[in-house]
Amino acid sequence: MDNFKSYFLKERRVFLENINYETVKGENRNEGERRLGCRDTVVSQLISPIGVKIIFNRRLNFEPEAIFTLSVSFGVFMLFDPARRDEVDWNEVNIVKEFTKDCPEILTELTSRATLLTAQITSAAGNTPIITAVPVRKMNESGESPRTEESTD
């Protein structure tokens with residue numbers, strides 16, 4: 001698809017979709033070495049004939065399970081340009097693939113918001129703030145980034 005953005009109006013609505021923070025209970029939750037995993041996912045929903053809803057999710061968790069799990073999701077609602085929306089069969093388009101390829105500035109905005117909120121939430125919970133990377137790693141066609149891990153103790 002050529003110029004995915006051209007099928008939408010310039011006005012976009014960015015919003016907080018969901019936050020989920022769960023403290024892990026247990027005797028050994030703070031003992032031993034843990035790996036912090038971070039996974040980014042992008043999903044889309046066609047809201048025909050109005051536009052598309054894109055959700056970016058960042059999930060943090062420890063392995064083995066410890067301390068907390070955190071999921072932060074931001075979304076953007078993109079309205080179709082009425083003059084162009086019928087040029088494409090939107091049920092046949094891989095919207096996530098086209099969005100991640102052609103809308104890096106919007107994806108960066110969603111990622112930046114998730115990064116900031118993740119740091120604020122982990123700090124407010126009494127932990128050292130966890131600052132995750134702002135640049136999105138290359139997403140595969142299903143809208144997932146490769147899993148990254150950092151060692152913690």
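The values are calculated or read from the model by the stated rules, or taken from the named source; none is laboratory data. Only a predicted model underlies this, so the values are computations on that prediction, with no experimental measurement involved. Here the Cβ is made from the backbone with ideal geometry for all residues, glycine too, and neighbour counts use every protein chain on show. For accessibility, only protein heavy atoms count, side chains too; no ligands or nucleic acids. Shrake-Rupley method; radii C 1.70, N 1.55, O 1.52, S 1.80 Å.
Using 7 Å Cα-to-Cβ label points, what is the Lys25/Val43 separation (nm, one decimal)?
Between Lys25 and Val43, the label points sit 2.7 nm apart.
Subtract the Cα-Cα distance of Ala124 and Val14 from 0.36 nm times their separation in residues, and report this length gain in nm to one decimal.
Working: separation 110, 0.36 × 110 = 39.60 nm, distance 2.39 nm.
Here the segment from Ala124 to Val14 would lengthen by 37.2 nm.
Counting heavy atoms of the protein chains only and a 1.4 Å probe, report the per residue accessible area for the range 50-92 as a whole number of Å². Please list the in-between numbers first.
Working: 1840 Å² over 43 residues.
I get 43 Å² per residue for this part.
Using a 1.4 angstrom probe on heavy atoms only, work out the carbon and sulfur share of the accessible area of the range 8-98 in %. Intermediate values should be presented prior to the final figure.
Details: 2220 of 5030 Å².
Roughly 44 percent of what the probe reaches on the range 8-98 is carbon or sulfur.
How far is it, in nm, from the label point at Glu63 to the one at Glu33 when both lie 7 Å from their Cα along the line to the Cβ?
It is 1.5 nm.
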